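Dumping the structure here so I can ask a few things about it.
The values are calculated or read from the model by the stated rules, or taken from the named source; none is laboratory data. No experiment lies behind these values; they were computed from the predicted model shown. Quick reminder, even Gly has a Cβ in these numbers, built from the backbone with ideal geometry, and neighbours come from all protein chains shown.
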Amino acid sequence: MDQIQWRPDEQAVAMMQQMGLRHAVREVVVQTEIDTRTPNGARQKPIDAELVDDYLCAMRAGDVFPHIVLAAIDGKKKLQVIGGNHRLQAAVKIGAASVPAIVVECGAFEAATLAKRLNTVNGKRESREVRIAQAIDLVQQHGQSVDVAARTAGISSNVVTAALRTDKVRQRAMELGLPCSNKLRNTDGVSIGELVNDGDVFPALYEFATSPNCSHDRLASLCRSVRKAGTLAERKALIEKATQECQDTTGPKARMYPVAAQIKRAVNLLSNQTKNKPTLLALQLTREDAAKLLSEVQTVAHTLQAAIGRS
């Protein structure tokens, strides 16, 4: 087995001392002591295989690497990697059964904070999207305030607040069986606001927000008008008009999108209902109604299958 050269990570130690965390350097057995399945605050996206291979070559060439940092979080038996995922993966590929590591005792929030700081020193700078995801996790999973989560992730508190509201929109859409979409912007949750709880208009608003040609300004303007409308009929008419205007100023693909969204929503709802209520009695369907519904679904399926074959 190739002998890997390790060195003390003075910057990491300084960070731990600054945070008042107990730590020590010791030899750690990879297979039995390290939890390699748990994502950590330093790197929420997948391991970069090319970077691991680069590290592997450098280790074999005799380059010296800083110690990996592991955390004993809230007294858990397995240690979690908070600094050095790629170094650890490279060492394992070389054949290292154990590695010298800095083991720090801390809580989940301290681990996430330290991981973020370590990543800016020894790792790759995370994208803005990943840092937003980290901030949301700190608020929702670790109970941190928006301001603390924002400082830890290196983004503004306004961005975190907007992202949390948009995440609420996504969760509400999932609850209603609406199609999952990556078209939502981090500011869309602010525009929709409390309308997310209005079951009468939210599905149509969500469909509008996730359409290809819906801009932030269009959505914000529509939501303001919907809030001012007096009746449900007026609100629905506003959304329908805005959707039509958006379709009229776009190409054929955009005009087809609402149809696709309606099909997906219907399929999701039907799938959820039949999964959660697998009997005709629970579905409140007669045998005749169920047979008719089955026939209609089969007809649609055959039509789609034929369309796929022609494309």
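Among the numbered criteria (1) within 24 Å of residue 132 (Cα to Cα); (2) without any contact (Cβ under 8 Å) to a residue 40 or more places away in the chain, which one does residue 226 miss?
For residue 226, the exception is condition (1).
Let me confirm something: among 224, 165, 128, which residue is at pLDDT below 90 and either surrounded by 16 or more Cβ atoms within 10 Å (Cβ to Cβ) or not acidic (Asp, Glu) (or both)? Even if it seems obvious, please write down each step before you answer.
Values: 224 fails: at pLDDT below 90; 165 fails: at pLDDT below 90.
Answer to the selection: 128.
Oh, and also: Restricting attention to segment 35-55, does a residue exist that is at pLDDT below 90, over 31 Å from the mean Cα position of the chain (by Cα) and either part of a loop (DSSP other than H, G, I, E, B) or closer than 19 Å to residue 4 by Cα (or both)? Lay out the reasoning, then the answer.
Within segment 35-55, the subset at pLDDT below 90 is 35-55.
If we keep only those that are over 31 Å from the mean Cα position of the chain (by Cα) too, we end up with none.
No, that holds for no residue.
Return yes or no: is residue 264 charged (D, E, K, R) and either modelled with pLDDT under 80 or not assigned by TED's automatic domain parsing to the domain that holds residue 195 (or both)?
Numbers: charged (D, E, K, R): yes; either modelled with pLDDT under 80 or not assigned by TED's automatic domain parsing to the domain that holds residue 195 (or both): yes.
So residue 264 passes the test.
In segment 209-218, which residues are farther than 11 Å from residue 181 by Cα and either of a type in the set (Val, Ile, Thr) or surrounded by fewer than 22 Cβ atoms within 10 Å (Cβ to Cβ) (or both)? Reasoning before the result, please.
Initially, segment 209-218 is screened for residues farther than 11 Å from residue 181 by Cα, giving 213-218.
Within segment 209-218, 213, 215, 216, 217, 218 qualify.
Another question, then. So which of 281, 270 ends up being assigned to a helix (DSSP H, G or I), hydrophobic (A, V, I, L, M, F, W, C) and touching a residue at least 24 places away in the same chain (Cβ under 8 Å)? Break it down stepwise before answering.
Working: 281 fails: touching a residue at least 24 places away in the same chain (Cβ under 8 Å).
Being assigned to a helix (DSSP H, G or I), hydrophobic (A, V, I, L, M, F, W, C) and touching a residue at least 24 places away in the same chain (Cβ under 8 Å) holds for just one of 281, 270, which is 270.
Right, another one. Being acidic (Asp, Glu), farther than 14 Å from residue 28 by Cα and not assigned by TED's automatic domain parsing to the domain that holds residue 12: is that true of residue 105 here? I'd like the intermediate steps shown before the answer.
On the way: acidic (Asp, Glu): yes; farther than 14 Å from residue 28 by Cα: yes; not assigned by TED's automatic domain parsing to the domain that holds residue 12: no.
No, not satisfied.
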